[in-house]
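What follows is a set of notes on a single structure, which appears directly below.
The values are calculated or read from the model by the stated rules, or taken from the named source; none is laboratory data. Keep in mind the model is a prediction, meaning the values are calculated, not measured. Because the Cβ atoms are built from the backbone with ideal geometry, glycine has one as well, and the counts that use them run over all protein chains shown. Protein only, heavy atoms only, side chains kept; ligands, DNA and RNA dropped before computing areas. Shrake-Rupley method; radii C 1.70, N 1.55, O 1.52, S 1.80 Å.
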Amino acid sequence: MGKEEHAVEGFDDASAEPGVWRYAMADRVRVIVDAEDYFALMQEAMLKAHHRVLLIGWDFDTRIHLTKGRRWWQKGWRKLFPSRLGSFIVWLTRHRKDLEFRILKWGFGFFNFLSRGSMVFDLIRWAFHRRIDFKLDSVHPLGCCHHQKIVVVDDRLAVCGGIDMTGARWDTREHRAFDPRRSGPDGNLHGPWHDVTMMVEGDAGRALDALGRDRWVRAGGKPLTPVPSSPRSAWPDELEPHFEQVEIGIARTRAAYNGWPEVNEIEQLFVAQIARAKRFIYIENQYFASRVIAEAISERLQEEDPPEIVLIHPATAHGWIESSTMDPIRTRLVQAMAEVDRHGRFHIYTAHCGDAPIYIHAKLLIVDDEVLRIGSANFNNRSMGLDSECDVFIDAARPANRHCEEGIRALRHSLLAEHCGLAVSEVGPLIEQAGSMAGMIAALGTEREHRLEPYHPGELSDFERELVDREMFDPEEPAELFEIIPRRRGLFRPGSLLGRAIDKLDKIERRRKIRKNEQPGRTR
């Protein structure tokens, strides 16, 4: 299907401005931290659905439990309902005669089904329900992936962030080193896992619904019309919003494919938001591997009074392939950035509870407590230009959002409290006393059970450096996946700040090796 045949009611593919697809008002907004709350709240929201639940994700596993054990729904339901996702969707469809489920998952993940046992039987069971439709999304260039994580309930309530409804995601905000409740569908325990997402209700939810319906059609699904408007709300009854009557911005990434143009709003917006920072940038992200992001930060570090930059990420990437590709790129970038960080304002940390590293899967950015941004986009090249991504943000500098700064600050303090083992009320005074977030973290030390530890880059072999510099495994464009990238077209461009810094480091390393080989008695 070419773009000339593609039409979705309520969807416009044009960007509202550079870096932003659309602005829309939200009646209520809640930032949901970690999957214990997310899974339970989404089950409550789906129980209140009447027309359609649209689930879009990178991964999806019907075997997970949304809550630990069965739950009793006090307001309206008179039966116990399943907590297991696959069974819950069938149960809810049977009890809501007008409710439909549309589920979209990245197509490559089809191979996971072979190792997921009962999920195959769930899909067979779903096939007999005409109101449950499960599709695989492979509509992207070879080597790219569908990475959005969006849920929309009844065209009004939506969630966008980093959490997929799949295994190895469930955790509490305590992130205990050992928690028997972190048992996956296969019965194995997984380690502490940190993530965030944003729930919105109102026109912003309708905008995300239009985006989701557009992706559904691009993936080969039949067009979905907007559901009938209704005064009923799927917002969980006991959930207090963090923000009310706010304007939400939405940004996307999409590779050019099948006649559809490339969309790189996410990259444009990151660069603009990094450039506007006056005091600080607080980041939680799974990776640190994007050339464009690293260069944007490096430009700020060259200033006479640069903002403080705090980046929290995992000790190592999840999985052998990811750690073999993303970790060396991070090492190389951090080494280069240390050369340009004249004022010592760039700080990168890993989170721990006891002896266990906490895996940071969140994709969150806070700038000066004015910008709050949450989404699916990682700090790597894939999220800037290859994979389908969606981020949402609140900008307190916009007229409708002048009341949001205090709420954004409270969220930042809450996250720092979670990572440092503090009460939320302690964070503000401790930062003020230390003079900065990094000063507070240093003063707390590394002996606490919950702590942030400075990241120290290791050494790379000549072969690893060559692969990293050529961006062999994290290209910026789909075509680069299948070509040998010439030297310096990749991670470090000639004449750039980081390019000059890495040249200097490489010269120092070559001299060190020459001196080492020239030591008396050493065999060459």
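Brief remarks on what is shown
- Unique residue being closer than 29 Å to residue 56 by Cα and out of contact with any strand residue (DSSP E or B) (no Cβ under 9 Å at 6 or more places or on another chain) when the list is 325, 331, 316: 325
- Positions within the range 465-503 being at pLDDT 85 or above, open to solvent by 70 Å² or more (accessible area, probe 1.4 Å) and part of a helix (DSSP H, G or I), in sequence order: 500
- Meets criteria (open to solvent by 10 Å² or more (accessible area, probe 1.4 Å), in a helix (DSSP H, G or I), among the small types (Gly, Ala, Ser) and in contact with a strand residue (DSSP E or B) (Cβ under 9 Å, 6 or more places away or on another chain)) for residue 296: no
- Set 143, 191: member being more than 28 Å from residue 262 (Cβ to Cβ) and in contact with a Phe, Trp or Tyr (Cβ under 8 Å, 6 or more places away or on another chain): 191
- Only a single item in (1) open to solvent by 30 Å² or more (accessible area, probe 1.4 Å); (2) modelled with pLDDT of 95 or more; (3) of a type in the set (D, E, K, R); (4) assigned to a helix (DSSP H, G or I) is not met by residue 304, and it is number (4).
- Single residue of the range 82-109 satisfying the filter (of a type outside the set (S, T, N, Q) and part of a loop (DSSP other than H, G, I, E, B)) that is modelled with the lowest pLDDT: 82
- If you go through the range 164-223 and keep only what is open to solvent by less than 10 Å² (accessible area, probe 1.4 Å), among the charged types (D, E, K, R), under 17 Å from residue 418 (Cα atoms) and in contact (Cβ under 8 Å) with a residue 40 or more places away in the chain, you end up with 171, 195.
- Taking first residues from the range 509-524 that are part of a helix (DSSP H, G or I) and partners that are at pLDDT below 80 and loosely packed, with under 10 Cβ neighbours inside 10 Å, the Cβ contacts under 7 Å between residues at least 6 apart in sequence or on separate chains come to 517/524.
- Within the range 240-266, the set of residues being open to solvent by 40 Å² or more (accessible area, probe 1.4 Å) and either closer than 22 Å to residue 32 by Cβ or not in a loop (DSSP other than H, G, I, E, B) (or both) comprises 240, 242, 244, 245, 257, 264.
- Residue 400 fulfils the conditions (1) aliphatic (A, V, I, L, M); (2) touching an Asp or Glu at 6+ places or on another chain (Cβ under 6 Å); (3) assigned to a loop (DSSP other than H, G, I, E, B) except for a single criterion, (3).
- Residues that are acidic (Asp, Glu) and open to solvent by 10 Å² or more (accessible area, probe 1.4 Å) within the range 275-293 are absent altogether.
- Here residue 342 meets the list (1) open to solvent by less than 40 Å² (accessible area, probe 1.4 Å); (2) touching a helix residue (DSSP H, G or I) at 6+ places or on another chain (Cβ under 9 Å) almost entirely, failing just condition (1).
- For the range 224-239, filtered to residues that are surrounded by fewer than 12 Cβ atoms within 10 Å (Cβ to Cβ) and within 16 Å of residue 54 (Cβ to Cβ), the residue that is modelled with the lowest pLDDT is 228.
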